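Derivation of every value follows stated rules applied to the coordinates shown; laboratory data play no part. Please read all numbers here as calculations on a predicted model, not as lab measurements. Methodologically, a virtual Cβ is constructed for each residue, glycine included, from the backbone with ideal geometry; neighbour enumeration extends over all protein chains shown.
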Amino acid sequence: MKTTTILTLMSTVAAAQAFAADQTVTIASWGGSYQEAQSKALFEPAAATTGIEVKQETYGGMSDVRLQVSSGQVTLDIVASGSGSAARAAAEGLLEPLDYGVIDVSTFYPGLYTDHCVGGDVFSTVYAWNTDTYGENGPQSWADFFDVEKFPGSRAYRGTVAGALEGALMADGVPMEEVYSVLDSEEGIERAIDKIRELKPHISVFWTSGAQHAQLMKDGEVDMTTGWNGRFDNAAADGAKVAYSFNQALLDYDCFAIPKGAPNKDTAMAFLAEISKPEYQDDLPKYITYGPTNKAAYDTGEITAEVAAGLPSSPANAALQLPVSLEWYAKWETIAAEMYQEMLTE
Amino acid sequence: MGAARINEAGLRRDERLERLKLFGLSSPAILLILVILVLPVGWLFYVSFIGADGSFSLENYERMLKRKSYARIFRTTFEVSFLTTGLCILIGYPLAYFISQLPNRLANLCLITVLLPFWTSLLVRTYAWLVLLQKQGLVNDWAISLGLWEEPVKMVHNMTGNLIGMVHIMLPFLILPVYGAMRAISRDYMKAASNLGAGPVRAFWTVFFPLSLPGLFAGSLMVFILCLGFFVTPAVLGGGKVIMVSMQIVSNIELFVNWGAASALGVVLLVMTFAILWVASRFLRLEQMTGGGGH
């Protein structure tokens, strides 16, 4: 009896391995140093453990997924996406629902996974300043960023609406926890845009990419800008005189999703379950200064206290920030973007 | 008489045959234009009338009327194109005149320097201007060290920087046709004018300038049309505040779910461009504008 059980068990294991051997997933991400970090920390080690063969591609974002799904020619199994565009894609029905019976999110930060997209890394939209201009006493809140009397100097601000309104409202006196309820109407959106209108004469540049806002700080072209924390860390490592604060910053995340009709849906689900584990996520900060979405990654000992202190998702830093509301973006982004465009073209 | 008629009929047959042959020879080109130009533009028109829900709708056009920003974006696009064309004429015409008066070998050398920027990618030239013109760029550094001005002057991330970049990129498109037209003007005309008592200034304005107009029209038209579709230069040098139609087309593709929202912008730009060409052709003969004749 016992032997039979063992034999059955062994054959099951062998079958499972044989099964896994012909499994492949195609993953698309943003390329560059970001995808390189994902590849080294997540994809390659997970492929080695599970035996799932990984094919990597770069892509142009959810518009590619939209094209594939609408033409019925889906080739991608997993895509890395910004949380906001993933939420919109999910609302359009472009993504498969994720099976959280397979993917274990019990130790995830609440709000860093949705029905259709599971968080992969955490980043912040922060305000940064030139340390030559302001010394150690840089702005410490959005109110400071918008205060041109207290902090004279030129600004750069985001050229699209994503991450642009929240800070403006906080500068206008709205407490952090009420920002999204105030923004939940056209009047609220207009109030935030009016605050940016007020600052506009001092905004020299509306930036459109992370590389651009990092370069603006490196060149000393502006004295303050908003932007993504990892880019400023890289710029500072290159000698730029730049510092930033997590106080009132916007806590956001990138996530992994499965396009509707993905050819290897089940394998993709299993692969997502693997790379969401803390033992992979704890390697990511070695390659890029973005934090894990799985809290347990801080407990493995791979992330030193020093590294953790600088990550957006460390408990101390996360507590200072406003988590970005995906529901708000799904509901309002298109309308808010058009209203933002009015302000830009005035 | 009979022989003449037969002759005439034969000539006509020859002509028909010739035309057929010419048509046969040009049919691959016609087919190519049909496939790569007419069909896609037709498709663009069709798609612009498809709404977000996939059915026929005018919503993509209504949006442009509802939001003031679209009118402003079109105004900026035409403003930038007119200003660039005007500045190119102001700089390019005298330069072309100067080169056309040089001996051949020197003129060729000058033309090579005019063409040199063509061998560098547009993106590189645009970023080069960014590096030169920014707050701590070379131009500001030199001007301040020479005492021309005290504080860094804002020359980029605005309309000024955008125009500098676009004029630089567009200049050869104006100089070449103008130079070609000027080169074709016989010097004897000027001599004849002065023989008849005209001073150099009068001879230039009454003889030389009108003869150079076809080249000037051709060059200006080319510069203007190319400017309408500019994307990279305003995006990099405009500081996010100079928004042209092509940039809005990209944002609309990213923002709205359907291609129609972007196609409609393309259609409006195309129609407005044709309207401007039509108005221009009421004042100027079109063959003159395209440089095909006029003599």
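Summary of computed values
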read-out	value
Relative contact order %, chain A, counting alpha carbon pairs below 8 Å whose residues are six or more apart	27
Cα-derived Rg over Rh, computed across the range B:60-289 with Rh taken as Kirkwood radius	1.05
Average beta carbon contacts from partner chains per residue of B:236-244, 10 Å cutoff	5
Most mobile listed residue (A:Gly135, A:Gly188, A:Gly111) in chain A, GNM with C-alpha springs under 10 Å	A:Gly135
Selection of trypsin sites (Lys or Arg not before Pro), the range A:114-161, meeting DSSP coil and at most 12 other Cβ within 10 Å	A:Lys150
Within straight-line cross-link reach of B:Lys68, lysines at Cα separation under 27 Å, skipping those fewer than 8 residues along the same chain	A:Lys195, A:Lys200, A:Lys331, B:Lys241
Integer Hz, Karplus 6.51/-1.76/1.60 couplings in order for the range B:153-168, x for Gly and Pro	8, 7, 10, 9, 6, 7, 4, 4, x, 4, 5, 4, x, 5, 4, 4
Isotropically averaged projected area of the range B:1-48, using the convex hull of Cα atoms (one quarter of hull area), nm²	4.5
Nearest 10 degrees, 0 to 90: helix A:186-199 Cα axis against chain A principal axis	60
In Hz, Karplus ³J(HN,Hα) per residue of the range A:164-180 (6.51, -1.76, 1.60; θ = phi - 60°; x = Gly, Pro)	9, 8, 4, x, 4, 5, 4, 5, 7, x, 7, x, 3, 6, 9, 4, 6
Chain A, dipole about Cα centre (Lys/Arg Cβ +1, Asp/Glu Cβ -1), debye to the nearest 20	600
Most to least packed among A:295-301, B:240-246 [average Cβ atoms within 10 Å]	B:240-246, A:295-301
Spherically averaged projected area in nm², based on the convex hull that wraps the Cα atoms of the range A:235-346	10.8
Cα gyration tensor shape of chain A, rounded if a/c is under 1.5, else prolate or oblate by comparing a/b with b/c	prolate
Placed amide H near A:Val242: partners under 5 Å, 5+ positions off or other chain	A:Thr131
Length added when fully stretched, B:Leu102-B:Leu20, from 0.36 nm per residue minus Cα-Cα	24.9 nm
P(r) of the protein assembly as shown over all Cα-Cα pairs, binned every 10 Å from zero, in whole percent	3, 12, 19, 21, 18, 12, 8, 4, 2, 1, 0, 0, 0
Exposure proxy order (Cβ contacts within 10 Å, fewest to most) of A:Thr289, B:Thr85, B:Thr113	B:Thr113, A:Thr289, B:Thr85
FRET efficiency estimate (nearest 0.05) - Cβ-Cβ, B:Glu8 to B:Thr120, R0 60 angstrom	0.55
Fewest-first ranking of B:Phe208, A:Phe43, using other Cβ atoms within 10 Å as the exposure measure	B:Phe208, A:Phe43
Separation between Cα centres of the range B:104-135 and the range B:212-249, rounded to whole Å	17
Under the Karplus curve 6.51 cos²θ - 1.76 cosθ + 1.60, θ = phi - 60°, whole-Hz ³J(HN,Hα) for the range B:224-230, x wherever Gly or Pro sits	4, 5, 5, 4, 4, x, 4
Shielding of B:68-81 by partner chains, average beta-carbon count, 10 Å	2
Highest average packing first - B:19-28, A:118-127, B:52-61, Cβ atoms within 10 Å	A:118-127, B:52-61, B:19-28
